[in-house]
Amino acid sequence: MSEPVTAIVFGAGGRGMYAYGPYALAHPDELKVVAVAEPNDERRARFAQMHAIPEQNQFRTWQEAMTHGKLARALVNCTQDPLHFDSTKAALQAGYDVLLEKPIAPTRDECVRLVRESEERGRVLQICHVLRFTSFFSTLYEIVRSGRLGRLVTVDHRENVSYWHMSHSFVRGNWRNEGLSSPMILAKCCHDLDILAWILGEPVQYLNSFGALTHYRIENAPAGAPLRCTDGCPVEATCPWYAPRLYGAMEGVPPRAGWIVTALGGGDDPQGRWKQLEVSPYGRCVYHCDNDVVDHQVLSMQFPGDVTVTFTMHGHSDREGRTLRWDGTRATLYGDFSEGRPYELRICDHGSGTVEVLHPESGESGHGGGDEGLMSAFLRTLRGESVPHRTSARASLESHLMAFAAEESRHTQQTIDMAAYRRL
Ligand SMILES: NC(=O)c1ccc[n+]([C@@H]2O[C@H](COP(=O)([O-])OP(=O)(O)OC[C@H]3O[C@@H](n4cnc5c(N)ncnc54)[C@H](O)[C@@H]3O)[C@@H](O)[C@H]2O)c1
């Protein structure tokens with residue numbers, strides 16, 4: 001094999017440190033991280049040590065890194081949504097090929113401009129639509145495209161966000177407020193919209209959407225609920241979002257998920273986490289936050305061939321995951337891509353009455369193996385090798401346009417003619 005691809009990482013947070021950094025450590029012959037930009041001193045030092053990055057290549061910000069010329073072949077951009085546009089534009093202009101976390105950017109105009117910039121400069125811009133690279137969704141793609149379901153008639157796809165993930169990310173956390181990040185249908189569901197557009201193979205024709213923030217509002221706060229869970233809440237025993245319970249800050253009660261504790265900080269012991277909850281946004285009462293993104297939204301869509309598609313996203317699920325059904329004239333396919341149980345695809349054949357159940361592998365890395373599959377595909381693209389299910393920035397843009405159109409429909413209560421919307 002040739003020399004590894006060299007990369008600079010912008011943002012050594014959750015995604016930079018734990019999703020893509022480990023790929024370089026596990027596959028040193030494919031990827032070498034040679035520089036990092038991260039304002040948090042502790043994270044930057046830790047990441048630099050993990051990847052043996054020399055001191056002169058450790059920067060506080062992406063802006064500082066860009067003043068040092070081109071330091072690597074590729075950029076892995078894991079900064080937060082509002083930083084994507086400026087940092088990626090500068091990197092494309094400096095000649096980097098870019099792996100960019102989703103969403104491309106928080107506004108439609110910025111998304112279109114970045115895609116054009118990459119195309120005009122002939123640079124690779126790959127968006128981290130990790131689900132495409134899972135065996136679950138690639139198997140779904142193969143089955144639908146094989147014609148085994150007959151003529152496709154209708155699709156029902158759901159993204160069931162668990163109540164605790166909803167509160168962590170979309171009520172208390174980074175994606176709670178549209179002005180600070182982006183609409184939830186973009187932040188959370190551009191993956192799902194990408195999967196639909198990819199497997200259906202043709203662009204959506206018409207789309208409408210409804211949705212609202214129903215529950216996580218001040219008027220739903222229980223009487224006497226303080227601003228923070230740690231301030232003595234009268235309903236702590238029964239509130240599903242009581243932060244000390246979710247984040248493992250109570251003796252003998254394990255956290256709801258490891259990654260939310262990592263995001264909180266505060267260390268391994270319950271006392272440290274409790275202290276952190278006293279000051280962190282994650283300790284706030286879910287009814288007393290500055291959140292404004294929806295907690296449920298539906299889209300109904302028409303694709304060519306009269307295929308109708310519904311998509312539901314909501315933040316009130318007992319468990320985290322996607323569930324779906326694809327109905328064709330010859331068979332129905334049910335899918336379950338949820339955490340905590342084996343992934344399942346069940347094909348029920350109308351003619352023979354047979355049922356075939358498949359359990360696609362979940363893979364070692366995050367997102368059902370998608371994090372590793374995505375990085376592998378990006379590197380193969382840079383090496384000029386063929387990539388199964390290869391995608392492009394323009395293909396990713398379609399999912400983002402669907403999300404922006406859904407927001408427009410939700411606010412105006414109009415059906416969006418997508419051909420006209422794409423021309424805007
Ligand atoms: N593909 C997926 O499925 C997926 C999953 C989760 C998050 N994401 C996306 O990944 C991105 C990062 O999310 P995260 O959870 O890792 O966030 P994070 O907040 O944990 O990490 C972002 C990092 O960027 C750093 N940063 C801030 N300003 C900077 C600057 N000027 N220069 C360089 N670094 C800077 C922050 O200090 C932080 O460490 C977001 O856009 C998010 O939407 C994608």
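Tabulated values for the structure
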| read-out | value |
| --- | --- |
| Largest to smallest accessible area among Arg284, Arg43 [probe 1.4 Å] | Arg43, Arg284 |
| Rounded to the nearest 20 debye, dipole of the range 224-283 from Cβ charges on Lys, Arg, Asp, Glu | 140 debye |
| Options Tyr18, Gln63, Pro254, ranked by Cα towards positive dipole end of the chain, top entry (Cβ charges) | Gln63 |
| Pairs of Cα atoms farther than 16 Å apart, the range 224-283, % | 34 percent |
| Accessible-area composition of the range 318-424, carbon plus sulfur, in percent [1.4 Å probe] | 45 percent |
| The chain: relative contact order as a whole-number percent, Cα under 8 Å and 6+ apart | 20 percent |
| Probe 1.4 Å, accessible area per residue of the range 224-283, Å² | 51 Å² |
| Whole-number D in µm² s⁻¹ for the range 109-151, Kirkwood Cα-pair radius fed into Stokes-Einstein, 25 °C, 0.890 mPa s | 190 µm²/s |
| Accessible-area value, Arg380, 1.4 Å probe, nucleic acids and ligands omitted, Å² | 60 Å² |
| Fraction in percent of alpha-carbon pairs per bin - 10 Å, the chain | 4, 20, 29, 27, 15, 3, 0 |
| 24 Å Cα-Cα reach of Lys70 towards lysines, excluding residues that sit fewer than 8 places from it in its own chain | Lys32, Lys89, Lys102 |
| The range 5-127, relative contact order [Cα under 8 Å, separation at least 6], % | 24 percent |
| Accessible area per residue in Å² at 1.4 Å probe, computed on the range 5-127 | 41 Å² |
| Projected-area mean, the range 5-127, by convex hull of Cα positions, square nanometres | 6.7 nm² |
| Protein accessible area in the range 156-252, 1.4 Å probe - carbon and sulfur % | 54 percent |
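The values are calculated or read from the model by the stated rules, or taken from the named source; none is laboratory data. On a predicted model such as this, the values are computed, not experimentally measured, just so you know. Please note: Cβ atoms are built from the backbone with ideal geometry, for glycine as well, and neighbour counts cover all protein chains shown. Side chains included, ligands, DNA and RNA excluded: accessible areas come from the protein's heavy atoms. Shrake-Rupley method; radii C 1.70, N 1.55, O 1.52, S 1.80 Å.
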